[in-house]
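Have a look at the structure below, then the notes.
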């Protein structure tokens, strides 16, 4: 039952950026949704916290390095990393609530 609930919450978190974040740019919405989804999937797979955060940090920083090298135009790398971090924090909060409630 708990795995089904986490799967449902993960799907909702993936859809929330398109409905709720009207004041946040679309690029940052995608970062929040993808980061939350990746975190929830890895948590459900049983990856330990320290390992999960290391993997996610490597993915997020690597993507920003790739974006910087791909186009040298001004790009908000720190904003993207903040949105990624926010997505992970949101999904960790949801996981905490689910584990406390059920």
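Where a number appears in this text, it was derived from the coordinates with a stated rule and is not lab data. Every value quoted in this text rests on a predicted model; they were computed, and no experiment measured them. So basically every Cβ, Gly included, is an ideal-geometry build from the backbone, and we count neighbours across all protein chains shown.
For the reader, a short list of remarks on this structure follows.
- Simple label model, 7 Å out from Cα along Cβ direction - residue 58 to residue 3, nm: 2.6
- Pair residue 51, residue 26: separation of 7 Å Cα→Cβ label points (nm): 3.8
- Computed with the Debye formula from one identical point scatterer per Cα of the chain, without solvent, the log10 of I(q)/I(0) at q = 0.10, 0.16 Å⁻¹ comes to -0.29, -0.70.
- Only helical runs count toward this figure. For the chain, summing -39,500 (n - 2.57) over DSSP H runs of n ≥ 4 and dividing by all residues gives -29500 deg cm²/dmol at 222 nm.
- The chain: relative contact order in percent, alpha carbon pairs under 8 Å with at least 6 residues between: 38
- The listed peptides 5-13, 45-53, ordered by packing as a protection proxy, come out as 5-13, 45-53 (highest mean of other Cβ atoms within 10 Å first).
- Acute angle (nearest 10 degrees) that the helix 49-70 long axis makes with the longest principal axis of the chain, alpha-carbon atoms: 20
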